[in-house]
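First comes the structure, then the notes that go with it.
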């Protein structure tokens, strides 16, 4: 006899880093799932798991998905194939699976690749989370967008000309994935006369958080550092 | 004798509508504040208050800020002046104030106008929240942005030519404040060959939520309805 009931895959946004920035809903569903999965760097460390470490119980089974964390243009398809198989077999057996996603599940996360493989076959519920863009704005005391502002979200990994084209006309921008691209981003913003308005945050909402003008930021930033800029200084300006 | 300790203003993102999409942190701080403030339509109804109604106790004092809810280009400065005075006198007396913000406090909210008036004079902490853009993506099962995607957030209230210029080159877009602008947005997306990829959500995460292709959406939408569109169909495409 196999189970009639399929398990549900819960894609849980766990927020930007502060464990208290998880939603009540994600915390409740995490507690109710017998299986907890999360992306992990190849060394095994998982930022998403670290955020909710205090909520995971010894009786919950864990699945670490070893995702290459560098700026690969192509996600490692075999990794997601294997993760989907492993998670799928839990769902097939009737076990609900919580898949932890730092920030929001559908905003530049790897969750979508597992979702894409399983959503046709199993029930899936996605629980949105607080994204790092909003967390950085809160920590900087810098309103992101007001009234008729256009906000553009760009990865710093884009070629310089593309970055410049996207930033030239926007009112506000969140520039993701700064990593090794800080000098390029500064050069673009300087040409657009926006550099004095750009602020930098790394590890937002964690004890190790650092905030500064982008002009003072390290040339090599953490991958998850980001810059916020508003043409008027802030949306209040 | 006046109190030496100033109260703290907490700008609390309460999320898109589902009461469980508040963060653990915002719920904790809300419970700890003797004063709770929120924007309210001129009739007195407050969406932000409704989201957290079950968390407000009779012993908490409430301050309703009567904000004009239509698409005024200029926020009603006198309203915010008066709200800042009322909240400021609580802070001056040493009382912490929770100011409720639907979605995220710094993402197209009215919180920033009170923040702008009080942040120089009193301690302020902003707690980011789940924004409706992420909630709509979750409810649609539509990943917003992946890898090197550029995401553009635009208010539908912009003039048609400006909307078209902003949407012409982006990979993905969230179009806010649809209200009376549905037909204009559809015309722009049709010219850009993006209309078939556009989806509509109103009252995301509430019991009254409605989701449909933007082609089927009502010509007059609620002010807080939004459309999501991705050039590839979704970020997974």
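The figures follow:
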item	result
10 °C / 1.306 mPa s Stokes-Einstein diffusion coefficient of region A:53-183, Kirkwood radius on C-alpha pairs, µm²/s	91
Beta bridges by DSSP in region B:9-127, antiparallel share as percent, to the nearest 5	5
Angle between chain A longest axis and helix A:77-92 axis [Cα atoms, degrees, rounded to 10]	40
Cα gyration tensor, region B:132-230 - rounded (a/c under 1.5), prolate or oblate	oblate
Share of Cα-Cα pairs in region B:189-234 lying beyond 18 Å, as whole percent	27
Hull volume in cubic angstrom per residue (convex hull over the Cα atoms of region A:1-119)	107
Residue-averaged beta-carbon neighbours from other chains (10 angstrom radius) around B:97-109	4
For residue A:31, inter-copy label distances in nm, listed shortest first [label point 7 Å out on the Cα-Cβ vector]	1.1
Label spacing, shortest first and in nm, from residue A:121 to its equivalents in the remaining copies (7 angstrom along Cα→Cβ)	6.2
Order of A:8, A:33 - criterion: other Cβ atoms within 10 Å of each residue's Cβ, fewest first	A:8, A:33
Listed residues A:93, A:66, A:198, most fluctuating in chain A (Gaussian network, C-alpha, under 10 Å)	A:93
Top of B:216, B:171, B:96 by mean-square fluctuation, Gaussian network on chain B, Cα under 10 Å	B:216
Residue with peak Gaussian network fluctuation, chain A [Cα springs, cutoff 10 Å], from A:34, A:128, A:58	A:58
Residue order, fewest to most surrounding Cβ atoms within 10 angstrom, among A:134, A:142, A:212	A:212, A:142, A:134
Projected area averaged over orientations for chain A, convex hull of C-alpha atoms, nm²	13.9
Ascending list, in nanometres, of distances separating the residue B:45 label from those of the other copies (7 Å, Cα toward Cβ)	5.0
Gyration tensor verdict on the protein assembly as shown (Cα atoms; rounded if a/c is under 1.5, prolate if a/b is larger than b/c, oblate otherwise)	rounded
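None of the figures in this text is laboratory data; all of them are computed from the coordinates on show. What you are looking at is a predicted structure, and each value in this text was computed from that prediction instead of being measured. When we count neighbours, we look across all protein chains shown, and the Cβ atoms used for this are built from the backbone with ideal geometry, even at glycine.
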